[in-house]
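Encoded as structure tokens, the structure appears first; notes follow it.
The values are calculated or read from the model by the stated rules, or taken from the named source; none is laboratory data. All of these numbers come straight from a predicted model, not from anything done at the bench. Neighbour counts are summed over all protein chains in view; Cβ atoms, including those assigned to glycine, are modelled from backbone coordinates with ideal geometry. Note: areas computed on protein heavy atoms with side chains; ligands, DNA, RNA excluded. Shrake-Rupley method; radii C 1.70, N 1.55, O 1.52, S 1.80 Å.
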Amino acid sequence: GQALPCFTRRTPHRQRESARLMRARHRLSKLLLRHGIVYYDGQAWTGKHDAWLRHEALPQLSDRATRLAFDSDYDTVLVTKARRDRLDAAIEEMAADSEFTALVRRLGCLRGVSTLTGFALAVEIGDWHRFTGNSIGSFVGLVPSEYSSGTSRVQGSITKTGNTHVRRLLVEAAWHHRARYVAGKTMRDRWDLAPAAARARGDEGNRRLHQRWVKFIDRKKKPTIANVAVARELSGWCWSLAVIEE
């Protein structure tokens with residue numbers, strides 16, 4: 001089978017993980033918040049928001065030290081975003097022409113699994129044939145911990161063992177299955193790149209995972225707990241697409 005890459009931690013998707021854009025943005029937002037400056041005019045981190053930062057938020061800062069802090073934090077946001085965008089382009093290029101291309105395209109048949117996510121999963125997992133649809137959830141720490149004694153069996157929070165990066169990607173992807181399932185243009189474009197068997201499997205998985213969300217909502221489960229359960233099942237659907245015969 002395909003060996004687990006030894007260069008995983010030096011690949012662009014791991015470098016992208018270290019490009020902490022959200023952290024840089026939060027630092028700038030919190031600086032403004034401490035001075036009572038809050039953006040209310042729509043979604044943040046858009047072109048309009050950027051203009052507000054430069055032309056309205058900055059002039060409200062009175063002292064020179066705070067302005068210097070703003071300039072530093074704002075520059076960090078710009079540099080981090082530029083770095084992330086470069087890495088995104090590099091990952092897209094690698095995913096389109098590498099040993100993982102076919103696998104990434106199959107994984108992309110599932111909602112929430114973009115090219116960037118699919119490539120990261122492909123590189124991090126390596127040989128998917130090491131697992132089954134049930135065991136891969138254990139590998140990424142998405143199964144409940146268990147405390148048993150005699151006839152007593154108590155399950156706790158998830159184990160969080162194994163590959164932290166893969167677990168985070170699956171948890172983030174699982175949120176996409178909460179909304180009503182509609183195969184939009186983005187999904188159909190990804191399907192066009194995958195074989196028919198993968199498209200059918202992906203469509204089946206998308207419907208199943210959304211229904212899981214519906215049941216959890218009906219049972220009034222806490223969303224974060226429900227999402228972890230969906231992520232665990234999503235890992236199994238990813239496995240089934242990874243090992244499917246083309």
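How much length is gained on full extension from residue 225 to residue 75, taking 0.36 nm per residue of separation minus their Cα-Cα distance? Contour length minus the Cα-Cα distance gives 50.3 nm. Placing dummy labels 7 Å off each Cα toward the beta-carbon, the span from residue 138 to residue 38 is 4.8 nm.
Between residue 192 and residue 243, the FRET efficiency estimated from the beta carbon spacing at R0 = 22 angstrom works out to 0.50. Counting only protein heavy atoms and a probe of 1.4 Å, the accessible surface of the chain is 52% carbon and sulfur. One chain, two ends: residue 161 and residue 27. Fully extended at 0.36 nm per residue, the span grows by 45.2 nm beyond their Cα-Cα distance.
Taking the C-alpha atoms only, the angle from helix 64-96 to the longest principal axis of the chain is near 30 degrees.
Solvent-accessible surface of the chain, averaged per residue with a 1.4 angstrom probe and all protein chains in place: 57 square angstrom. In this simple spin-label model, placing a label point 7 Å from the Cα along the Cα-to-Cβ direction at both residue 90 and residue 127 gives a separation of 2.8 nm.
In a fully extended conformation the segment linking residue 207 and residue 67 would gain 45.3 nm over its present Cα-Cα distance, using 0.36 nm per residue. Residue 55 sits among other residues whose Cβ lies under 15 Å from its own Cβ, and their net charge, with Lys and Arg +1 and Asp and Glu -1, is -1.
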